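Single-structure report; data block below.
The values are calculated or read from the model by the stated rules, or taken from the named source; none is laboratory data. Everything quoted here is computed from the prediction, not taken from an experiment. Cβ atoms come from the backbone with ideal geometry, glycine included; neighbour counts cover every protein chain shown. To get the accessible areas, we keep the full protein, side chains included, count just its heavy atoms, and leave off ligands, DNA and RNA. Shrake-Rupley method; radii C 1.70, N 1.55, O 1.52, S 1.80 Å.
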Amino acid sequence: MSRVAVFLQVRLDSTRLPQKALLPLSGKPVVELAMEALKQIPADAYALVTDRESYQALSAHANAAGFETFIGPKEDVLQRYANAINYFQVDTLIRATGDNPLVSGECGAQLLELYNEHREEHPEERRIDYCGFDGLPVGTGVECVRAEALLRANREAESSYDREHVCPYLYNHPDLFRIYRPLAPKECFFPGMRVTLDTDRDYRRLQTIFNTLYSGEPITTSELIRGFSQHQMIAG
C-alpha cells in the first residue's frame, strides 16, 4: 500500500510581500486557508515544510489545521523535500505552496486518484513520476510526485533554480522521468485566471474574492470560476 503525504511549502521572508502567508483573508491567515483546502486530499501525513527562521511563526497555525511542522534548509528546498520524504517514509507526495489560499483540494484529490489508478495498472518501471493538471487557474494547482523520483532529482539536480523550485528537474527531463499532464476537469478549467499571492495587488484581489465567496469552508475551484462570472471580478 502506497503511503501518501501532503507537503505545504512555506517560508516568511518574501521581499515583495513580507510574511504574505500570514496575511488575513476573511479572518484567517492565508496559510491556514491553504491547509484547510489541502485537508480534502486523502493522505497518511500532512506537513508544513518550512525553514528554521519561519518555524516559530507558523507552527501554531499548522497545529490548528492538523498539520505537522517539518524544518529543512532555507534555500535548498529540494533537499528540504527529500528530508521530509525520508522522515515521513512516504511513497507519493502532493506538493503545494503556502501563498495559494485558493489551492484546489478537490482537484488535488482527483489528481491523486488518477495517479493511483495509473500506479495500479502499470508495473513499477512504467509508473508516473510526476503529474499535474494543465489549465487550472494559476494559484489553485498542486503537483503529485513519486517520492523516489524526487529523491533522484535531489541526487542529480545542481542548478539553484532546480533546487529552489523542487519539481522543474523532473518535468524538464522527460527522458529521465514519466510525466503526465492531463487537462484540468472542465468545471475547473480557466488558465487565464490568476489567484496566487505575490503582490499587494494580488492581495486586494483575493480580499475581494474571499469577501464575496467565502462562507467558512474552502472555496472550490468550480465555485471560484462561477463567482468570477457572476460577480464580474477581474481574472488576471
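Entry note, region 1-96: relative contact order of 38 percent, from Cα contacts under 8 Å with a spacing of 6+ residues.
From helices alone, the chain scores -12000 deg cm²/dmol at 222 nm; the rule is -39500 (n - 2.57) for each run of n ≥ 4 DSSP H residues, then divide by the residue total.
Applying the Karplus relation 6.51 cos²θ - 1.76 cosθ + 1.60 with θ = phi - 60° to region 220-226 yields 3J(HN,Hα) values of 6, 5, 5, 5, 4, 5, 4 Hz, where x marks Gly and Pro. Protein heavy-atom accessible surface, 1.4 Å probe, per residue over region 98-180: 45 Å².
In order along region 188-196, the phi-based Karplus estimate (6.51 cos²θ - 1.76 cosθ + 1.60, θ = phi - 60°) of 3J(HN,Hα) comes to 10, 7, 6, x, x, 8, 10, 10, 7 Hz; Gly and Pro are listed as x.
Karplus-based coupling profile of region 145-152, in residue order and whole Hz: 9, 6, 4, 5, 5, 6, 5, 5, with θ = phi - 60° in 6.51 cos²θ - 1.76 cosθ + 1.60 and x standing for Gly or Pro.
The residues packed around residue 51, meaning those with a beta-carbon under 9 Å from its beta-carbon, carry a net charge of +1 if Lys and Arg are +1 and Asp and Glu are -1. Considering only 162, 175, 44, the Gaussian network model of the chain with Cα springs below 10 Å gives its largest mean-square fluctuation to 175.
Spatially, region 170-236 and region 86-131 are offset by 19 Å when compared through their Cα centroids. Around the Cα centre of the chain, unit charges on the Cβ atoms of Lys, Arg, Asp and Glu (plus for the first two, minus for the last two) sum to a dipole of about 500 debye. Put simply, the chain fits an ellipsoid with semi-axes of 27, 21, 16 Å; these come from the alpha carbon gyration tensor as the roots of five times its eigenvalues, largest first.
Packing, taken as the mean count of other beta carbons within 10 Å per residue, orders the peptides 187-194, 217-224 from highest to lowest as 217-224, 187-194. Taking Lys and Arg as +1 and Asp and Glu as -1, the other residues whose beta-carbon sits under 11 Å from that of residue 160 total -4.
Peptide packing for 68-75, 140-147 was compared via the average number of neighbouring C-beta atoms within 10 Å per residue; ordered from the highest value, the list is 140-147, 68-75. Modelled spin-label separation between residue 44 and residue 179, with each label point placed 7 Å from Cα along the Cα-to-Cβ direction: 2.9 nm. Averaging the sequence gap over all C-alpha pairs within less than 8 Å and six or more residues apart, then dividing by the number of residues, gives the chain a relative contact order of 22 percent.
Near residue 22, once Lys and Arg are set to +1 and Asp and Glu to -1 for all other residues with Cβ below 14 Å from its Cβ, the sum equals -1. Estimated at the nearest 10 Å², the accessible area of residue 28 is 50 Å² with a 1.4 Å probe.
Ordering of 91-99, 120-128 by packing is 91-99, 120-128, highest average first (other Cβ atoms within 10 Å, averaged per residue). Computed over protein heavy atoms with a 1.4 Å probe, the carbon and sulfur contribution to the accessible area of the chain reaches 46%.
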